[in-house]
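I have placed the structure first, in the form of structure tokens, so that the comments after it can refer back to it.
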Amino acid sequence: MRTVRVAGDPPYPIDIGPGLLRDGARLAGHARGRHALLLSDDHVAPLYAEAVAAALREARPDLRLAVHVMPAGESHKTLASFAAAIDALAALGATRDATVYALGGGVVGDLAGFAAACWMRGIDCVQLPTTLLAMVDSSVGGKTAVDIPRGKNLVGAFHPPRAVIADTTTLHTLPARELRAGLAEVVKYGALGDPLFFAWLEAERDALLAGEDRALAEAIARSCEHKAAIVGRDPLEQGERALLNLGHTFGHAIEAEQGYAGDGRDALVHGEAVAVGMVLAARLSTTLGLAPAADTARLERLLHAFDLPTRIPAGLDPEALLARMRLDKKNLAGRLRLVLWRGIGQAEIVPDADESRVLDLLRDA
Ligand code: NAD
Ligand code: GLY
């Protein structure tokens, strides 16, 4: 097992390793009070919820534990699902020292974290990520949110978890498409700030794509180290944390424009949308004279090797995508604020991107 520590008030650990969901003492060690809500979705709960609940009950027989299962998928990361989670906390009689355990991918993690942030103005949340994407990104750093029809993650709160426990064995049941989607966020860390990690991903691409435990464990730990370092320095995204959004302004616009339907076959899931978004950010950087085209080509090659999309899906209206981008949370004073790059490993924030150049790119892509 490896542990990455995230600085903060309070600091918290990210434990990464096989079999951790069966470690009742580790799971229960983070429950301060006598109430716990295990929140999961209807894909993950049948696989893992019983084992987690049993481990918790064995370690803490006095714990009043309820299990709440939401429907799986981005289209359910809604205010309605949030309200149902809040209802479950109320039915449990959860007091201020209660703990929410978020067992699932980023959808469950974001929604459970937001419910924990709001219940009685804030209770503990322990993240138990079961997708690669959640292990390397969404479970760490305390961004919690739900989507609304007008935009992604527009309602939420910063609420860091009390702990992250990533059981890498759960990746064995993850659909191949979701593993690849998680690799997009792994590539992001190399692309935004670590050319050596990017080169390592190129070298290990076959092992990663095959889901080899050794390669995945290394990718998860290195990604978590990057994320921990950045959110430790800038927990509330007042500066460099925005770099973690490389590709996200474009990606979120695509997801929202597709009606968060990525769990269906024809629309992109979050990681896939981020892959397209990173390529768009790289292409725009080249158009603006910031970065060499060769680096964009290298990024595209790696994403293709992971079988990830790099083009905007057919049928999306460029003007509508741009309108979505105007509602991005990074924007200030009505200006489009984008994360672009000067090449692999050198992302930077461009505070006032020229909308006409962005629109040209969207039309062209
Ligand atoms: P997800 O939660 O929808 O999970 C993907 C699919 O895999 C779902 O159908 C889920 O039920 C299933 N699944 C999960 N674990 C499984 C397992 N071990 N075995 C079998 N099936 C499993 O999607 P995701 O990619 O994990 O997360 C995407 C979400 O994360 C988006 O909403 C995005 O906005 C959010 N996100 C948040 C942050 C953050 O900082 N808070 C960062 C990145 C992404
Ligand atoms: N995933 C972007 C962030 O955590 O800031």
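A few remarks follow.
- Debye, to nearest 20: dipole size of the chain, +1 on Lys, Arg Cβ, -1 on Asp, Glu Cβ: 760
- Dipole of the chain, positive direction: furthest Cα of 288, 176, 220, with charges on the beta-carbon: 220
- Ordering 92, 269, 253 by the projection of their Cα atoms onto the charge dipole of the chain, which places +1 on the Cβ of Lys and Arg and -1 on the Cβ of Asp and Glu, puts 92 at the extreme positive end.
- In a simple Cβ point-charge model (Lys, Arg +1; Asp, Glu -1; nothing else charged), the range 257-313 has a dipole of about 220 debye relative to its Cα centre.
- Taking only protein heavy atoms and a 1.4 Å probe, the accessible area of the chain is 52% carbon and sulfur.
- Rolling a 1.4 Å probe across the protein heavy atoms gives the chain an accessible surface of 40 Å² per residue.
- Positive dipole terminus of the chain, leading residue within 68, 132, 48 (C-beta point charges): 68
- Under the span-like rule (Cα at least 15 Å along the axis, Kyte-Doolittle mean at least 1.6), DSSP H helices of the chain: 79-92
- Between the range 255-308 and the range 312-365, the Cα center-to-center distance that results, in Å: 12
- Using only side-chain charges placed at the Cβ, +1 for Lys and Arg and -1 for Asp and Glu, the dipole size of the range 11-133 relative to its Cα centre rounds to 360 debye.
- The range 285-365: C-alpha gyration tensor shape, a/c 1.5 cut-off, then a/b vs b/c: oblate
- Computed over the range 222-340: relative contact order in percent, which uses C-alpha pairs under 8 Å that are six or more apart: 27
The values are calculated or read from the model by the stated rules, or taken from the named source; none is laboratory data. Note that the structure is predicted; figures quoted are calculated from it, not measured. No Cβ is skipped: glycine too gets one built from the backbone with ideal geometry, and neighbour counts run over all protein chains shown. With ligands, DNA and RNA removed, areas are computed over all heavy atoms of the protein, side chains included. Shrake-Rupley method; radii C 1.70, N 1.55, O 1.52, S 1.80 Å.
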